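None of the figures in this text is laboratory data; all of them are computed from the coordinates on show. Treat the numbers as computed from the prediction; the structure is a model and nothing was measured. All Cβ positions, glycine included, derive from the backbone under ideal geometry; neighbour counts span all protein chains shown.
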Amino acid sequence: MKRAGCASVATLPAKRPTGHWSQGLLQSMSDPSMIVMSDDRMVMIRDKYPKARHHYLVLPHTDISSLKALSVSHLPLLKHMLQVATDFVTELAVHKLAVRYGLHAQPSMARLHMHVVSQDFDSGCLKHKKHWNSFTTEFFIDAQSIISSLEEKGSVEVFDKATCDSLLKMPLRCHVCGEEQSNFPKLKAHTKQHNTK
Ligand code: AMP
Ligand code: ZN
């Protein structure tokens, strides 16, 4: 296991990243300043635009394109990615840190990636409804439920575009108490109260 500050990554990404923005994670996977840790199967990087106080992304070296491409053969890798992430969060030893580990139903960036995101959502990068709903509705799929689905059914249910769009347009709701908020500034102010408790 290599830690942040390592000069090199164990394995380079299978595909050479292009300059397109959607390939940005592949570039960050090879950027020592972005890498938190790596091993022969995965790399954990910082999210460049963190949506919470703690926000990381875990990517496999293997070029898995998306949820759709997942099969039972990926179970050991997915379990490893989740285990490394939970161990890392445990080591952070931040008192009562609530964290979720999961994937977006319809990601914007290339290569399958698991978000590791603390539930304070205390970040200036979290700017609008789409961001909020992508982390607090069913658009955010827990890694454990993906693993369970592969174990039980052999596949992962993939939402169609219309379902994803409607999830991202859902009313703004506090993820802690469920209270609906009429606009984004009110939601931000409301969730701040939970963070001080
Ligand atoms: P998704 O919607 O699941 O594809 O999320 C992509 C995540 O990647 C977002 O949380 C972005 O803030 C983050 N991101 C975008 N570009 C980069 C980059 N070059 N390096 C690291 N993280 C990035
Ligand atoms: Zn609330």
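Things worth noting here:
- Mean Cα-pair separation over length for the chain, i.e. relative contact order, pairs under 8 Å, 6 or more apart, %: 19
- DSSP loop GluC sites (Glu not before Pro) with at most 15 other Cβ within 10 Å: longest gap in the chain: 1-137
- Value at 222 nm in deg cm²/dmol, rounded to 500, when DSSP H runs of n ≥ 4 in the chain each add -39,500 (n - 2.57): -9500 deg cm²/dmol
- Separation in nanometres of the label points that stand 7 Å from Cα toward Cβ, at Lys79 and Ser145: 2.1
- Links that overshoot a 26 Å alpha carbon limit, given the list Lys51/Lys79; Lys79/Lys153; Lys51/Lys153; Lys48/Lys79; Lys68/Lys127; Lys79/Lys130: Lys51/Lys153; Lys68/Lys127; Lys79/Lys130
- Taking a ≥ b ≥ c as the square roots of the eigenvalues of the Cα gyration tensor, region 108-187 is classed as prolate, since a/c reaches at least 1.5 and a/b is larger than b/c.
- Region 51-197 has equivalent-ellipsoid semi-axes of 27, 19, 12 Å, by the square roots of 5 times the alpha carbon gyration tensor eigenvalues, sorted largest first.
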